[in-house]
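These notes are about the structure you will find just below.
The values are calculated or read from the model by the stated rules, or taken from the named source; none is laboratory data. These numbers come from a predicted model, not from an experiment. With ideal geometry, Cβ positions are generated from the backbone for all residues, glycine too; neighbour counts draw on all protein chains shown.
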Amino acid sequence: MNLKNKDLGQNFLVNRDIISRIVSQIKPEEDETFIEIGPGLGAITVPLASKVKKIIAVEIDSRLHLLLNSDIEKFKIKNIKLINEDILKVNLEKILEKENIQKYRVYGSLPYSISKQIIKQFLTYDKKKPKDLTFIIQKEVAMNYIQAPPKATFLYHMSEIYSHKQILMNIAPKNFRPIPKVESSLIKFELKTKTDIDNPEQYIKFVKILFTHPRKTILNNLRTLNKNLLNKSKFEHDNEITMILSKRAAECSKEELFQLFPIFLQLTDRA
């Protein structure tokens, strides 16, 4: 294909062995439908299509859309549907309804700059949830999703209430063209049928506050809401809560943050 990859600011997989391994790690089944984000030149799209019922591929770049569509028509691939739209703006519910999709999975090689936005969009989607999400993203970011306490991150705690996560494989820069400056990972999020906590949107706000200043204790981060409403002495009767408040957010388990969440709700109600 006559395409200057650098013009698009994208990195395309070119190693066929790696492509084969990725498809194998996804574990597609013939009766499944996939939504693919950023199919690019179709390196994963085409081999994946040979193993599944249907692929809805959403590509924002009009040039890539035209080139891939030309190949699909040339090789008469019937089970790939291309959509030339921005995945962050697309009406997913409308697509699922139009294509009569009841169950689906999501795959994508995500632009490093917006990978976190896309992942959050699908994790928090509250209409018709996908079974799982499998994405190629920057390795450093992927590690932040799975890094457990005592070195947990905001991304770990945010995604933990929605999914089970694992890194399936790492992908060296040499397998892409142009060669990126960072290593990539294939990460899978298996979505839970129900979130671990009620009011997940408020919980995410709560966790974000706790990681505003990662080196500070939870108590000091919560005091940014209203320093007059939260005093450590108020919790002296509860040793467990006092101990959690004295920790940094990165050191806390999901269950410990769940214990503190009602306190946050009380503070925001009074603020």
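Quick one: is SER159 crowded, with 17+ Cβ neighbours inside 10 Å, in the same structural domain as ALA43 (by TED's automatic domain parsing) and in a strand (DSSP E or B)? Don't jump to the end; show me each part of the working.
On the way: crowded, with 17+ Cβ neighbours inside 10 Å: yes; in the same structural domain as ALA43 (by TED's automatic domain parsing): yes; in a strand (DSSP E or B): no.
Against the criterion (crowded, with 17+ Cβ neighbours inside 10 Å, in the same structural domain as ALA43 (by TED's automatic domain parsing) and in a strand (DSSP E or B)), SER159 does not qualify.
Before we move on, is PHE189 modelled with pLDDT under 95, in contact with a Ser or Thr (Cβ under 6 Å, 6 or more places away or on another chain) and among the hydrophobic types (A, V, I, L, M, F, W, C)?
Details: modelled with pLDDT under 95: no; in contact with a Ser or Thr (Cβ under 6 Å, 6 or more places away or on another chain): yes; among the hydrophobic types (A, V, I, L, M, F, W, C): yes.
No, not satisfied.
Answer with yes or no whether TYR125 is in a loop (DSSP other than H, G, I, E, B), within 14 Å of the chain's Cα centre (by Cα), in the same structural domain as LEU110 (by TED's automatic domain parsing) and not hydrophobic (A, V, I, L, M, F, W, C). Let's see the steps before the verdict.
On the way: in a loop (DSSP other than H, G, I, E, B): yes; within 14 Å of the chain's Cα centre (by Cα): yes; in the same structural domain as LEU110 (by TED's automatic domain parsing): yes; not hydrophobic (A, V, I, L, M, F, W, C): yes.
Yes; evaluated as a whole, the condition is true for this residue.
Using the structure shown, decide if PHE34 is assigned by TED's automatic domain parsing to the domain that holds LEU110, among the aromatic types (Phe, Trp, Tyr), surrounded by 15 or more Cβ atoms within 10 Å (Cβ to Cβ) and closer than 21 Å to ASN175 by Cβ. Spell out the reasoning first.
On the way: assigned by TED's automatic domain parsing to the domain that holds LEU110: yes; among the aromatic types (Phe, Trp, Tyr): yes; surrounded by 15 or more Cβ atoms within 10 Å (Cβ to Cβ): yes; closer than 21 Å to ASN175 by Cβ: no.
In short, no.
So SER233 clears everything in (1) exposed (fewer than 15 other Cβ atoms within 10 Å of the Cβ); (2) of a type in the set (S, T, N, Q); (3) modelled with pLDDT of 90 or more except one condition, right? Which one?
Only one criterion in (1) exposed (fewer than 15 other Cβ atoms within 10 Å of the Cβ); (2) of a type in the set (S, T, N, Q); (3) modelled with pLDDT of 90 or more is unmet by SER233, namely (3).
So if I check each of PHE135, PHE154, PHE122, which one is among the aromatic types (Phe, Trp, Tyr), modelled with pLDDT of 95 or more and within 22 Å of CYS252 (Cβ to Cβ)? I'd like the intermediate steps shown before the answer.
Values: PHE135 fails: within 22 Å of CYS252 (Cβ to Cβ); PHE122 fails: within 22 Å of CYS252 (Cβ to Cβ).
Testing whether each residue is among the aromatic types (Phe, Trp, Tyr), modelled with pLDDT of 95 or more and within 22 Å of CYS252 (Cβ to Cβ) leaves just PHE154.
Quick one: THR268 ticks every box in (1) surrounded by fewer than 17 Cβ atoms within 10 Å (Cβ to Cβ); (2) modelled with pLDDT of 85 or more except a single one, so which number is it?
Only one criterion is unmet by THR268, namely (2).
Taking interchain pairs and intrachain pairs at least six residues apart, which have beta carbon atoms under 6 angstrom, with the first residue in the stretch 20-36 and within 17 Å of ASN100 (Cα to Cα) and touching a residue at least 60 places away in the same chain (Cβ under 8 Å) and the second in a strand (DSSP E or B) and small (Gly, Ala, Ser)?
GLU36/ALA57; GLU36/GLY108
Is one or more of the residues making up the stretch 59-79 within 30 Å of PHE261 (Cβ to Cβ), hydrophobic (A, V, I, L, M, F, W, C) and in contact (Cβ under 8 Å) with a residue 24 or more places away in the chain?
Filtering the stretch 59-79 down to residues within 30 Å of PHE261 (Cβ to Cβ) leaves none.
Among the residues of the stretch 59-79, not one is within 30 Å of PHE261 (Cβ to Cβ), hydrophobic (A, V, I, L, M, F, W, C) and in contact (Cβ under 8 Å) with a residue 24 or more places away in the chain, which makes the answer no.
Of the residues ILE60, ILE118, which is surrounded by fewer than 22 Cβ atoms within 10 Å (Cβ to Cβ), outside any helix (DSSP H, G or I) and in the same structural domain as ILE171 (by TED's automatic domain parsing)? Walk me through how you get there before you give the answer.
Details: ILE118 fails: outside any helix (DSSP H, G or I).
Step by step, each of ILE60, ILE118 is checked, and only ILE60 is surrounded by fewer than 22 Cβ atoms within 10 Å (Cβ to Cβ), outside any helix (DSSP H, G or I) and in the same structural domain as ILE171 (by TED's automatic domain parsing).
State all residues of the stretch 162-210 that are part of a loop (DSSP other than H, G, I, E, B) and either more than 20 Å from GLU255 (Cα to Cα) or of a type in the set (Asp, Glu) (or both); if no residue qualifies, say none. Even if it seems obvious, please write down each step before you answer.
Keep residues of the stretch 162-210 that are part of a loop (DSSP other than H, G, I, E, B), which gives 162, 172, 178-183, 192-199.
ALA172, PRO178, ILE179, PRO180, LYS181, VAL182, GLU183, ASP196, ASP198 - these are the residues of the stretch 162-210 that are part of a loop (DSSP other than H, G, I, E, B) and either more than 20 Å from GLU255 (Cα to Cα) or of a type in the set (Asp, Glu) (or both).
Just to be sure, is GLN147 touching a Leu at 6+ places or on another chain (Cβ under 9 Å), assigned by TED's automatic domain parsing to the domain that holds GLN117, modelled with pLDDT of 95 or more and of a type outside the set (Asp, Glu)? So that I can check it myself, show each step before the final result.
On the way: touching a Leu at 6+ places or on another chain (Cβ under 9 Å): yes; assigned by TED's automatic domain parsing to the domain that holds GLN117: yes; modelled with pLDDT of 95 or more: yes; of a type outside the set (Asp, Glu): yes.
So GLN147 fits the description; yes.
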